[in-house]
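Okay, so here's the structure we're looking at.
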Amino acid sequence: MLKKGTKLYSILKFKCPHCHEGEFYKSRNPYNFSSMAVNYDSCPKCHRKYSLEPGFYYGAMYVSYALGVAHIVSFVVARWVLGFEMEFWNFIILVAGCLILATPLYYALSKIIWANLFMNYKTKNDEQLND
């Protein structure tokens, strides 16, 4: 399921959406705040540009929003399924705290997911064209 050539591989390993070999981010750790989710301009291996047009990653905000909503919904569903009894404001603080802790990861994931929506893995034809 997590094989090279799948979008999930590129997203979870933070690899180039085109070749799946080069790194997408300069630092693989999204919690490294000095270089938080700073991506290369192009792939170090295949030299594919990561930004297709100016402002390309503004659309990643919608992906980040969807990840945040999924986070909140999963907590609500888990509370309902597992039958947690907790005060309303305590639950809100728990969910918000976890969301704040996950924000750097969601930011990094949103950019790589957005890039994977518009870039495809190279095929045999792409390799033959480059030769």
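Keeping to region 80-97, report how many residues are in a loop (DSSP other than H, G, I, E, B) and surrounded by 10 or more Cβ atoms within 10 Å (Cβ to Cβ). It would help to see each step written out before you state the result.
Residues of region 80-97 that are in a loop (DSSP other than H, G, I, E, B), as a first pass: 83-87.
Within this subset, residues satisfying the condition of being surrounded by 10 or more Cβ atoms within 10 Å (Cβ to Cβ) are 84, 86.
Residues flagged as in a loop (DSSP other than H, G, I, E, B) and surrounded by 10 or more Cβ atoms within 10 Å (Cβ to Cβ) within region 80-97 amount to 2.
Scan region 5-16 residue by residue and report those that are open to solvent by less than 50 Å² (accessible area, probe 1.4 Å) and either outside any helix (DSSP H, G or I) or under 17 Å from Leu67 (Cβ atoms) (or both). Result: Gly5, Thr6, Ser10, Ile11, Phe14, Lys15, Cys16.
Looking only at region 17-64, how many residues end up being among the hydroxyl-bearing types (Ser, Thr, Tyr), open to solvent by less than 70 Å² (accessible area, probe 1.4 Å) and out of contact with any Cys (no Cβ under 8 Å at 6 or more places or on another chain)? Outline the logic, then answer.
Our first condition is that a residue be among the hydroxyl-bearing types (Ser, Thr, Tyr); within region 17-64, this holds for 25, 27, 31, 34-35, 40, 42, 50-51, 57-58, 62, 64.
Imposing the further condition that a residue be open to solvent by less than 70 Å² (accessible area, probe 1.4 Å) reduces the set to 25, 27, 35, 42, 50-51, 57, 64.
Of the ones still in play, those that are also out of contact with any Cys (no Cβ under 8 Å at 6 or more places or on another chain) are 25, 27, 35, 42, 51, 57, 64.
Adding up the residues that qualify gives 7.
Take Ala102 and tell me if it is within 14 Å of the chain's Cα centre (by Cα), in a helix (DSSP H, G or I) and closer than 19 Å to Lys7 by Cβ.
For Ala102, the condition - within 14 Å of the chain's Cα centre (by Cα), in a helix (DSSP H, G or I) and closer than 19 Å to Lys7 by Cβ - is not met.
Out of the residues in region 108-131 meeting the condition of being of a type in the set (D, E, K, R) and not in a helix (DSSP H, G or I), tell me which one is modelled with the highest pLDDT. The extreme case among them is Lys122. For region 33-49, the candidate set comprises residues that are at pLDDT below 90 and of a type in the set (Ser, Thr, Tyr); within that set, the residue that is farthest from Pro17 (Cα to Cα) is Ser34.
If the condition is being closer than 20 Å to Pro104 by Cα and part of a strand (DSSP E or B), then region 19-60 contributes Glu23, Tyr25, Asn39.
The values are calculated or read from the model by the stated rules, or taken from the named source; none is laboratory data. The structure displayed is predicted, hence computed values, not measured ones. Positions of Cβ are backbone-derived with ideal geometry, glycine not excepted, and every protein chain shown enters the neighbour counts. Areas reflect the complete protein model, heavy atoms only, side chains present, ligands, DNA and RNA absent. Shrake-Rupley method; radii C 1.70, N 1.55, O 1.52, S 1.80 Å.
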